[in-house]
Amino acid sequence: MKHLQRLLLLALLALPLLARAAEQKPYRVMMLLYRGSTDAERGFMDYLKARLPVEFIVRDAAEDKEKIPGFIAEAKKLKPDLIYTFGTSMTLATVGKADNANPAGTISNIPVVFNIVADPVGSKLSHTLASSGRNLTGVSHLVPMADQLKAAERLGKIGRLGVVYNPQEPNSLLAVKDLQDNAARFGYTLLPAAIALDDAGKATPEAIAAAVQQLLIGKIDYLYLPSDSSLIQQADAIVAPATAAGVPVISATEAPIRKNGALMGLVGNYYNAGAFAGYKAEQILLKRKTAAAIPMETLQRFSLVVNMQTARALKRYPPLEEFRIAELLR
């Protein structure tokens, strides 16, 4: 009887706590996307939904930069608890560069957590990874270029390396610079091909295919596909002609390997990057840390992903010892 009374008393004492928990308003997180929802957003949302009450307000630019100012104006009006941004272009448009952000056209008084930004320092979002010095933190997904090239060399010596790039996208330009900086170390000749943009400043499939053909005429050994949303969305225009010509495509990200048949890449997993960004958001929302106090980081684990259908078509296989560690897509 006494045991039952104790249980009833504990239940009565818990009622006010349960009531307060039920009444707690969800945190409002505004998500600014550039090319639709990816595994990165699913990882971010899954992480937060499992740990706190949260309402997501999702806006997608669908690769149209002209929509972004409207999103920023809406964010200033809604005043969400936190803003998530996907990619370098969206993040730069949202918060501006570290040295010359425009307060009238960017976000400064709402914490921002970015995701899938290749190089936060190189893109001028921050001076150091340790702290942005402002209301910003986030996650980079990109594997260091030297490690990507080491993985590619396991398939054979790189003599002539081609890369197509969008001259208006920061990630494309950073990739070309990084490849140039590593050329002497790895002993290859870099052949960059800029994509001609249309009147709207976009890279059309025809323009991408023309840039690829320019490189194929130059007898390249490999073709590198940068971490650039404008190119990832149209990866077929890069991968298909290269593979048909017998040229392996090395991808900086996993989607072109999984979906478009790029041969291989040492890549960061988008879902894991999203979960890591969710962890940083949790530190801000629940632990009350400032974004400036949270370092910008990359993933600690990467995956070697090989598309075996493409490997068979090209007759280019990874060494046997890598079969134990690589993710082989059959």
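Read-outs throughout are calculated quantities, based only on the coordinates presented, and are distinct from any laboratory measurement. These figures come from a predicted structure and were not determined experimentally. Cβ: placed from backbone, ideal geometry, glycine included. Neighbour counts: every protein chain shown.
Tabulated values for the structure
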| quantity | calculated |
| --- | --- |
| Sequence-separation-based contact order of the range 192-322, relative, with Cα cut under 8 Å and 6+ spacing, percent | 19 percent |
| Max mean-square fluctuation residue, GNM over the chain, Cα-Cα springs under 10 Å, options G246, G43, G201 | G201 |
| Spatial separation of Cα centroids for the range 57-84 and the range 260-282, in angstrom | 23 Å |
| Amide proton proximity set for G265, modelled H, under 5 Å, gap of 5+ | S251, V305 |
| In Hz, Karplus ³J(HN,Hα) per residue of the range 231-245 (6.51, -1.76, 1.60; θ = phi - 60°; x = Gly, Pro) | 8, 4, 5, 10, 4, 4, 5, 9, 6, 4, x, 5, 5, 4, 8 |
| Point-charge dipole on Cβ atoms (K/R +1, D/E -1) for the chain, about Cα centre, debye to 20 | 1120 debye |
| Alpha carbon convex hull of the range 160-234, volume per residue in cubic angstrom | 73 Å³ |
| Mean projected area in nm² (Cα convex hull; one quarter of hull surface) for the chain | 21.1 nm² |
| Of K202/K280; K25/K49; K77/K287; K49/K287; K259/K280, pairs whose Cα-Cα distance is over 21 Å | K202/K280; K77/K287; K259/K280 |
| The range 75-147: projected area of the alpha-carbon convex hull, averaged over directions, in nm² | 4.8 nm² |
| Net lengthening on full extension, D236/V58 (0.36 nm per residue, minus Cα-Cα) | 61.3 nm |
| Karplus-derived HN-Hα couplings along the range 96-110 (A = 6.51, B = -1.76, C = 1.60, θ = phi - 60°), whole Hz, x at Gly and Pro | x, 6, 4, 8, 9, 5, 8, x, 6, x, 10, 9, 10, 9, 10 |
| Computed over the chain: relative contact order in percent, which uses C-alpha pairs under 8 Å that are six or more apart | 19 percent |
| Under Karplus coefficients 6.51, -1.76 and 1.60, residue-wise ³J(HN,Hα) of the range 217-227 in Hz, glycine/proline x | 5, x, 6, 7, 8, 9, 10, 9, 10, x, 7 |
| DSSP beta bridge pairing in the range 168-320, given as percent antiparallel to the nearest 5 | 50 percent |
